[in-house]
Amino acid sequence: MSHPRPDLVPDPGLSREKMEALQREIASAAVFEDDFAFDPDAISSPLEATACAGEPPVVAGVDQSFLTNEDGDQDRALSAVVAMRGGEVVERVHAVTPLEIPYIPGLLSFREGGPILAALEELTVEPDLLLFDGNGRIHFRQAGIATHMGVVRDVPSIGVAKSLLCGTPREETDDLPEGARIPIDANSRIDAPGGTCIGYAVQTRQYGSPNRYINPVYVSSGHRVGPETATDIVLELTSSYKLPEPIRLADRYADEAKTSLDG
């Protein structure tokens, strides 16, 4: 995979001011609406059922694990990518690279973006869509890791986060029924007009019990996928677990690869 926007590749050596300025440039370059060639209705179609239809797109889930040094400090990222087509895994790759800066809220892509790009370089298939364990437009400067990586690679991308970084849900998000989606609006903490829908709280799974409930995930456009379509795709790719399968399998693969290295 090439870098159509090498000028926007995250540089952990930048000052915080320059990082934030770069994120605003990324947000300006991002497309927060549908702009892709694949058929989203075929995204999880079985391969054997596509003889008379379009071939299912390749969807790659991206997740990270971390390795520690002798002092117990995280010093390397293990970036894992699992590519799927028609519900089947077609490739798994990973890369291990140094971590150059600590975690800073809102600047995750400068810590993890380089390692992720290194892992994507290992793929032999070309993804039609990237799913990230992290945010897209639900971000202070509308440029979470899914947006940053999507723009750099110019690949349609979606962010799926486990907690809400910023923005205001239009309704209560506790104990939602499975399949529910609640718009998340921009507020004063975000570089977007107030009331702009920047994503959705999405209830991918729910217990059938009144005594406990599963929290929603927070889905947002990364690049070239609108928020409604992003939500539809995440729900389509979710089966028995809270996270969509490409991300869930990338998380599991990251742990497997980390265990093999630790051993």
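The values are calculated or read from the model by the stated rules, or taken from the named source; none is laboratory data. Fair warning: this is a prediction, and the values are worked out from it, not measured in the lab. No Cβ is skipped: glycine too gets one built from the backbone with ideal geometry, and neighbour counts run over all protein chains shown.
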Taking the stated definitions as given, is SER157 polar (S, T, N, Q), farther than 30 Å from PRO4 by Cβ and touching a residue at least 12 places away in the same chain (Cβ under 8 Å)? no
Could you tell me which residue of segment 222-236 is farthest from GLU33 (Cα to Cα), considering only residues that are of a type outside the set (Val, Ile, Thr), surrounded by 24 or more Cβ atoms within 10 Å (Cβ to Cβ) and touching a helix residue (DSSP H, G or I) at 6+ places or on another chain (Cβ under 8 Å)? GLY222
For GLY134, which of the numbered conditions (1) in contact (Cβ under 8 Å) with a residue 60 or more places away in the chain; (2) touching a Leu at 6+ places or on another chain (Cβ under 7 Å) fails to hold? (1)
Suppose we keep only residues that are among the β-branched types (Val, Ile, Thr), assigned to a strand (DSSP E or B) and more than 30 Å from THR196 (Cβ to Cβ) within segment 30-69. Which one would you say is modelled with the lowest pLDDT? THR68
Suppose we filter VAL82, VAL96 for residues that are part of a strand (DSSP E or B), touching a Phe, Trp or Tyr at 6+ places or on another chain (Cβ under 7 Å), closer than 16 Å to ALA250 by Cα and in contact (Cβ under 8 Å) with a residue 60 or more places away in the chain; which single one remains? VAL82
Of the residues in segment 57-103 that are surrounded by fewer than 16 Cβ atoms within 10 Å (Cβ to Cβ) and among the small types (Gly, Ala, Ser), the one that is nearest to THR238 (Cα to Cα) is GLY87
Only one of THR229, THR259 is modelled with pLDDT under 95, polar (S, T, N, Q) and closer than 30 Å to ALA95 by Cβ. Can you tell me which? THR259
Odd one out for SER239, checked against (1) in contact with a strand residue (DSSP E or B) (Cβ under 7 Å, 6 or more places away or on another chain); (2) closer than 30 Å to VAL96 by Cα; (3) assigned to a loop (DSSP other than H, G, I, E, B): (1)
So which pairs qualify, if the first residue must be in segment 47-72 and at negative phi and hydroxyl-bearing (Ser, Thr, Tyr), the second must be buried (at least 21 other Cβ atoms within 10 Å of the Cβ) and modelled with pLDDT under 90, the Cβ gap must be under 8 Å, and the two must be at least 6 apart or on different chains? none
With a cut-off of at least 2 residues that are in contact with a helix residue (DSSP H, G or I) (Cβ under 6 Å, 6 or more places away or on another chain), at pLDDT 95 or above and crowded, with 24+ Cβ neighbours inside 10 Å, name the strands (runs of 3 or more DSSP E) lying wholly within segment 104-221. 129-133, 157-161, 197-202
For segment 239-250, give me the residue count where each residue is within 18 Å of VAL62 (Cα to Cα), surrounded by fewer than 20 Cβ atoms within 10 Å (Cβ to Cβ) and of a type outside the set (Lys, Arg). 2
For segment 7-26, which positions are in a helix (DSSP H, G or I) and under 20 Å from the mean Cα position of the chain (by Cα)? LEU8, MET19, GLU20, LEU22, GLN23, ARG24, GLU25, ILE26
